[in-house]
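*Asks:* Next up is a structure, given as structure tokens.
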Amino acid sequence: MYEIYSVDHSLYCAKLRLTLRTKGLEWRDLAPPADYLSLVPTGNLPALVDGDLTLTDSEAIAEYLEEKHPAPAMLPTGLIPRAKCRELSRFHDTRLEPALRLLFANVSPATRVASEVQAAHAEITKRLSALSTLLDQSPLPRDRLWLCDCGLIVTLEWLALMETHTVLPPLHWSDTVRTYCAQMETLPQVAQELEFYRPHMREWMEGKLG
Ligand SMILES: N[C@@H](CCC(=O)N[C@@H](CS)C(=O)NCC(=O)O)C(=O)O
């Protein structure tokens, strides 16, 4: 049984749960204590605790779990598909999610800055367009979940929620991205995670919107 330091609305914790669910692993959530930094120097959530090991960074954790529990595989076979899968993971963590993150401080009307929302919208639009091309070129079959899908699913879900609550102007969702989201949601572990996570997303959002 793994232990995970997490908070319910955290995007990267949802990303990790998608990997845990896919691999059929059991975990117990721990609330980060007041002295969290003394346990986890990066201060990041999630952190995985496995015996004496405490590990942060969702991608490092995902690759650790992939190596420790190789079945079902969440990295494809073959040098190039594996590299392309990692490329998409890094694109999510370093480009798409940071563009979404620009919005979080702007959800509450009390702290919303129109110029920041506009800048975030431009950045998200650029990254969604790149995602669409990356998905068009991806060699990975969509009938199962790969490591690179875990973050994308959660971030796309947040973007849709931001749009629904008109935190930002409408986004351009290409057919490729729409189809990708629909295909992902047909996977049982994705449906299960979204059923768990969506109420926490909405609760956070409604708390900020007042
Ligand atoms: N690159 C990190 C990002 C994780 C991250 O930013 N998590 C947020 C919660 S979703 C967090 O820890 N925020 C508090 C902080 O950065 O101190 C990962 O992949 O785990």
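The values are calculated or read from the model by the stated rules, or taken from the named source; none is laboratory data. Keep in mind that what you see is a predicted model, and the values were worked out from it rather than measured. A quick note on method: Cβ atoms are made from the backbone with ideal geometry, for glycine too, and the neighbour counts reach across all protein chains shown. To get the accessible areas, we keep the full protein, side chains included, count just its heavy atoms, and leave off ligands, DNA and RNA. Shrake-Rupley method; radii C 1.70, N 1.55, O 1.52, S 1.80 Å.
*Asks:* Please list, in order along segment 41-53, the HN-Hα scalar couplings obtained from phi with the Karplus expression 6.51 cos²θ - 1.76 cosθ + 1.60 (θ = phi - 60°), rounded to whole Hz, x for Gly and Pro.
*Replies:* Values per residue, Gly and Pro as x: x, 6, x, 6, 10, x, 10, 9, 10, 10, x, 7, 8 Hz.
*Asks:* With all protein chains present and a 1.4 Å probe, how do Phe91, Phe104 order by accessible area, largest first?
*Replies:* Values: Phe91 25, Phe104 50 Å².
From most accessible down to least: Phe104, Phe91.
*Asks:* Using a 1.4 angstrom probe on the protein heavy atoms only, could you order Met162, Met1 from most to least accessible area?
*Replies:* Ranked list, largest accessible area first: Met1, Met162.
*Asks:* Across segment 123-137, in residue order, what do the Karplus-derived ³J(HN,Hα) couplings come to in whole Hz, using 6.51 cos²θ - 1.76 cosθ + 1.60 with θ = phi - 60° and x for Gly and Pro?
*Replies:* 5, 5, 4, 4, 6, 5, 5, 5, 4, 4, 5, 4, 5, 4, 8
*Asks:* At 1.4 Å probe size, with every protein chain present, just tell me what the per residue accessible area of the chain comes to in Å².
*Replies:* 49
*Asks:* Next question, about the same structure. Give a residue-ordered list of calculated ³J(HN,Hα) values for segment 184-192 (Karplus: 6.51 cos²θ - 1.76 cosθ + 1.60, θ = phi - 60°; whole Hz; x for Gly, Pro).
*Replies:* Once θ is set to phi - 60°, the couplings for segment 184-192 become 4, 5, 6, 7, x, 5, 6, 4, 5 Hz.
*Asks:* Now a separate question. How high is the relative contact order of the chain, in percent, with contacts defined as C-alpha pairs under 8 Å that are six or more residues apart?
*Replies:* Normalised by residue count, the contact order of the chain is 24 percent.
*Asks:* What is the sum of charges around His121, taking Lys and Arg as +1, Asp and Glu as -1, for the other residues whose C-beta is under 14 Å from the C-beta of His121? All intermediate terms of the calculation are to be shown ahead of the outcome.
*Replies:* On the way: positive: Arg101, Arg112, Lys126, Arg127; negative: Glu116, Glu123, Glu163.
Counting the neighbours of His121, the net charge comes to +1.
*Asks:* Which far-off residues, 5 or more places away or on another chain, put their amide H under 5 Å from the one on Leu30, with H placed in the peptide plane?
*Replies:* Ile4, Tyr5, Ser6
*Asks:* From the helices alone, meaning DSSP H stretches of at least four residues, give me the mean residue ellipticity at 222 nm for the chain, per-run term -39500 (n - 2.57), in deg cm²/dmol to the nearest 500.
*Replies:* Result for the chain: -18000 deg cm²/dmol, rounded to the nearest 500.
*Asks:* Within the chain, what is the number of lysine pairs with alpha carbons under 27 Å apart, leaving out pairs fewer than eight places apart on the same chain?
*Replies:* 10
*Asks:* Would you please state the base-10 log of I(q)/I(0) at q = 0.08, 0.14 1/Å for the chain, with intensities from the Debye formula using one equal scatterer on every alpha carbon?
*Replies:* Relative scattering, expressed as log10 I(q)/I(0), comes to -0.28, -0.87.
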